1. Could you work out which residue, out of Ser197, Ser29, Ser231, moves most in a Gaussian network model of the chain, that is, has the largest mean-square fluctuation with Cα springs under 10 Å?
2. Roughly how many percent of the accessible protein surface of region 4-268 is carbon and sulfur, given a 1.4 Å probe and a whole-percent answer?
3. Please report the antiparallel percentage of DSSP beta bridges with both residues in region 4-268, rounded to the nearest 5.
4. Give me D for region 136-269 in µm² s⁻¹, whole number, from Stokes-Einstein with Rh from the Kirkwood sum over alpha-carbon pairs, 25 °C and 0.890 mPa s.
5. Just how large is the dipole of region 111-203 about the Cα centre, in debye to the nearest 20, putting +1 at every Lys and Arg Cβ and -1 at every Asp and Glu Cβ?
6. Place a +1 charge on the Cβ of each Lys and Arg in the chain and a -1 charge on the Cβ of each Asp and Glu, then give the dipole magnitude about the Cα centre in debye, rounded to the nearest 20.
7. When you have a sec, figure out the Kirkwood radius of region 4-268 from all distinct Cα pair distances and drop it here in Å to one decimal?
8. If you project the alpha carbons of region 1-160 onto their three principal axes, what span does each projection cover, largest first, in Å?
Amino acid sequence: MIVTDYHVHTARCGHAGGATRDYVLHGLSRGLTEIAITDHVPLYFLPGEDPEPGLAMVRGELPGYVEEVLALREEFRGRIDVLLGIEADYAEGYEETLRALLAPYDWDVVLGSVHFVAGDWIDAPSSGSRHEKEGSAHLWAEYFRLLAKAAASGLFDVMTHFDLPKKFGHHSPPECAAAEAAAVEAARVAGVAIEVSSAGLRKTVGEEYPGPRLLARLVAAGVPLVFSSDSHAPAEVAWGREQVVSAARAAGATEHVTFRKRIRTAHPL
Ligand SMILES: [Zn+2]
Ligand SMILES: [Zn+2]
């Protein structure tokens, strides 16, 4: 049986702790057969070498990150497959900058994330108040618009936390149904996968990303799934795995997928 966690950070991002090796060891102890290390890409769309040291690795750290993950792959060969991944922000208008940044490396999987919406972060500790100040419908519609563009960009293999703006409890309002439908359709047409992530269970909202209704919709559209924890500490690896697998089954999924060198393979669930 193939047991995976496809979204794992390292201390380089500035808001995760522990040695990368310990994330792999914890994954082994939880029965994973593969783990994708997917730290935050340098914030290529913001000015300066190190615009937000607490949010992502700096540009100069990328080669060392890749080296470390590849060394872990060798060390753990035969025990657990360690995949070279990255969580890359989507930034409208900077698609070619990201493409060039990712090009030198032989990624197994590139996660695509929309964290920056309408000029600011959508998931920072202070982002909850944006829903009152700027209007929840506006933020959700803009989020889904960017997510659809990200899916269509060809830059990513897996779209992460598909309903991230709900993090602090602000669910997508009915007037954003068309924007949501367009994002689901964009994922289907682009042939990208999505993650079913336990991270939302650890947040104010208290449900997986994506929630049950949206997940069922994505599964019905034929969008493939990976499972993830979005770990920021070794002990979070494979956290909530039973819940995300149950959520996928409840949504009608019968398969999950894995990636090697960005090529997808389906496995029965
Ligand atoms: Zn993220
Ligand atoms: Zn993440």
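1. In this elastic network of the chain, the residue with the biggest mean-square fluctuation among Ser197, Ser29, Ser231 is Ser29.
2. The computed percentage sits at 55.
3. For region 4-268, the DSSP antiparallel bridge percentage is about 25.
4. The estimated diffusion coefficient comes to 165 µm²/s.
5. So the dipole magnitude of region 111-203 works out to roughly 160 debye.
6. 680 debye
7. 18.3 Å
8. 50, 30, 29 Å, listed from the longest principal axis down.
The values are calculated or read from the model by the stated rules, or taken from the named source; none is laboratory data. Here the structure is a predicted model, which means the values were calculated and not measured. Don't worry about glycine lacking a Cβ; one is built from the backbone with ideal geometry, like all the others, and counts go over all protein chains shown. Please note that ligands, DNA and RNA were not included when accessible areas were found on the heavy atoms of the full protein model with its side chains. Shrake-Rupley method; radii C 1.70, N 1.55, O 1.52, S 1.80 Å.
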